[in-house]
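Novice: Here it is: the structure, laid out below.
The values are calculated or read from the model by the stated rules, or taken from the named source; none is laboratory data. The structure displayed is predicted, hence computed values, not measured ones. Heads up, the Cβs are rebuilt from the backbone with ideal geometry, glycines too, and the neighbour counts pull from every protein chain shown. Heads up: the accessible areas ignore ligands, DNA and RNA and are worked out on the full protein's heavy atoms, side chains in. Shrake-Rupley method; radii C 1.70, N 1.55, O 1.52, S 1.80 Å.
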Amino acid sequence: MLSKTKHKPNTNLLITMDQHKLEQTNNIKYLGLLIDDQLSWDTHIKNITYKISKISSYISKIRHYLDTSTLKLIYYALVYPHLQYCILSWGNANTSIMKPPIKGPNIIVKLITFANFRHHATPSFLLLKILKITDIHKLHLLTFMHKYKQCKLPDIFNTFFNKISNMHKHNTRAATKENYFINRFATSQGLHTIKYQGATLWNALTPEFTNCSFTQLIIKYKMKVFNEYKLYSMNLGI
């Protein structure tokens, strides 16, 4: 597989090994992650969407015979693993590509709560205390940033971020708060990188989040998200 941009024409190369021609492909599967030649994650996300759509059809049939707690266990057993696995990689994909996997869990939580399909899914996520896919991605970003701060990531990430206080000695608000420097990118691809989104998300947090333990960070972030769901549901009049 050769990595290329969207508008670059395909390049056909003849590569042999032990007199056997190697087949050129548009995507490969590595540790359960489908990587395409444009690094758009479109193939992997379509695969996730297909699996979730099959699961939603099963849930639509069995929901009449099981209680909510059991259906929630099924969600975490069959759906959630697909959503969280390597989400730091594919969760930064283009918005248009991310629409189908976002829609899938929305349908399932409505099925579990017997909600009207024309209504918003947020009240159902709140009722079940389940995170939306965008918030799962943010949670994994925050845990990544917390591990970076605690020097618990592989050595290759040691210089991945740079604190503003290490770049100058001025007593600015960002330097005092120990914010990370946010690189400027001229393309949308740059804005979807972990380096940009991770630093942006972490800098927006208060010390209540950035100075707590790993477990407390997860608990506090989930509480924050569910409060946001509650406010949104109240604005909907539900």
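Novice: With the structure loaded, tell me whether residue 112 is of a type in the set (Val, Ile, Thr), assigned to a loop (DSSP other than H, G, I, E, B) and open to solvent by less than 20 Å² (accessible area, probe 1.4 Å) or whether it fails that test.
Specialist: On the way: of a type in the set (Val, Ile, Thr): yes; assigned to a loop (DSSP other than H, G, I, E, B): no; open to solvent by less than 20 Å² (accessible area, probe 1.4 Å): yes.
So residue 112 does not fit the description; no.
Novice: Please enumerate the residues belonging to segment 149-198 that are in contact with a Leu (Cβ under 9 Å, 6 or more places away or on another chain) and not in a loop (DSSP other than H, G, I, E, B). Walk me through how you get there before you give the answer.
Specialist: Of all residues in segment 149-198, those in contact with a Leu (Cβ under 9 Å, 6 or more places away or on another chain) come to 160, 185, 189, 194, 197-198.
Matches in segment 149-198: 189, 194, 197, 198.
Novice: For segment 141-186, give me the residue count where each residue is more than 16 Å from residue 212 (Cβ to Cβ), at pLDDT 80 or above and β-branched (Val, Ile, Thr).
Specialist: 4
Novice: Can you find a residue in segment 201-210 that is within 17 Å of the chain's Cα centre (by Cα) and surrounded by 14 or more Cβ atoms within 10 Å (Cβ to Cβ)? Spell out the reasoning first.
Specialist: The first filter runs over segment 201-210 and keeps only residues within 17 Å of the chain's Cα centre (by Cα), leaving 201-202.
Of the ones still in play, those that are also surrounded by 14 or more Cβ atoms within 10 Å (Cβ to Cβ) are 201-202.
Checked against the condition, which is being within 17 Å of the chain's Cα centre (by Cα) and surrounded by 14 or more Cβ atoms within 10 Å (Cβ to Cβ), segment 201-210 yields at least one hit.
Novice: Same structure again: When residues of segment 57-95 are filtered for being open to solvent by less than 20 Å² (accessible area, probe 1.4 Å), under 22 Å from residue 126 (Cα atoms) and part of a helix (DSSP H, G or I), how many remain? Before you say what the answer is, go through the steps one by one.
Specialist: Initial filter on segment 57-95 (open to solvent by less than 20 Å² (accessible area, probe 1.4 Å)): 59, 71, 75, 79, 83, 87, 90-93.
Still in the list and also under 22 Å from residue 126 (Cα atoms): 59, 71, 75, 79, 83, 87, 91.
Of the ones still in play, those that are also part of a helix (DSSP H, G or I) are 59, 71, 75, 83, 87.
Counting residues in segment 57-95 that are open to solvent by less than 20 Å² (accessible area, probe 1.4 Å), under 22 Å from residue 126 (Cα atoms) and part of a helix (DSSP H, G or I) gives 5.
Novice: Also, quick follow-up: Has segment 134-150 got at least one residue that is without any contact (Cβ under 8 Å) to a residue 24 or more places away in the chain and hydrophobic (A, V, I, L, M, F, W, C)?
Specialist: Within segment 134-150, not a single residue is without any contact (Cβ under 8 Å) to a residue 24 or more places away in the chain and hydrophobic (A, V, I, L, M, F, W, C).
Novice: Still on this model: How many of the residues in segment 161-194 are open to solvent by less than 60 Å² (accessible area, probe 1.4 Å) and among the aromatic types (Phe, Trp, Tyr)?
Specialist: 2
Novice: Run down 122, 95 and say which single residue is β-branched (Val, Ile, Thr) and either over 23 Å from the mean Cα position of the chain (by Cα) or within 30 Å of residue 27 (Cα to Cα) (or both). It would help to see each step written out before you state the result.
Specialist: On the way: 122 fails: either over 23 Å from the mean Cα position of the chain (by Cα) or within 30 Å of residue 27 (Cα to Cα) (or both).
Within the list 122, 95, the selection yields 95.
Novice: Restricted to segment 115-148, and to residues that are of a type in the set (Val, Ile, Thr) and not in a loop (DSSP other than H, G, I, E, B), which residue is surrounded by the fewest Cβ atoms within 10 Å (Cβ to Cβ)?
Specialist: Taking segment 115-148 first, the residues of a type in the set (Val, Ile, Thr) are 122, 130, 133-134, 136, 143.
Applying the additional criterion that residues be not in a loop (DSSP other than H, G, I, E, B) yields 122, 133-134, 136, 143.
Working: 122: 20, 133: 20, 134: 12, 136: 18, 143: 15.
Per the stated criteria, the residue is 134.
Novice: So is residue 236 exposed (fewer than 12 other Cβ atoms within 10 Å of the Cβ) and at pLDDT below 95 or not?
Specialist: Values: exposed (fewer than 12 other Cβ atoms within 10 Å of the Cβ): yes; at pLDDT below 95: yes.
It is true that residue 236 is exposed (fewer than 12 other Cβ atoms within 10 Å of the Cβ) and at pLDDT below 95.
Novice: Please verify whether segment 28-40 includes one or more residues that are of a type in the set (Val, Ile, Thr) and either part of a helix (DSSP H, G or I) or touching a Leu at 6+ places or on another chain (Cβ under 7 Å) (or both). Before the answer, list the steps.
Specialist: Our first condition is that a residue be of a type in the set (Val, Ile, Thr); within segment 28-40, this holds for 28, 35.
Now drop any that are not either part of a helix (DSSP H, G or I) or touching a Leu at 6+ places or on another chain (Cβ under 7 Å) (or both), which leaves none.
Scanning segment 28-40, I find no residue that is of a type in the set (Val, Ile, Thr) and either part of a helix (DSSP H, G or I) or touching a Leu at 6+ places or on another chain (Cβ under 7 Å) (or both), so the answer is no.
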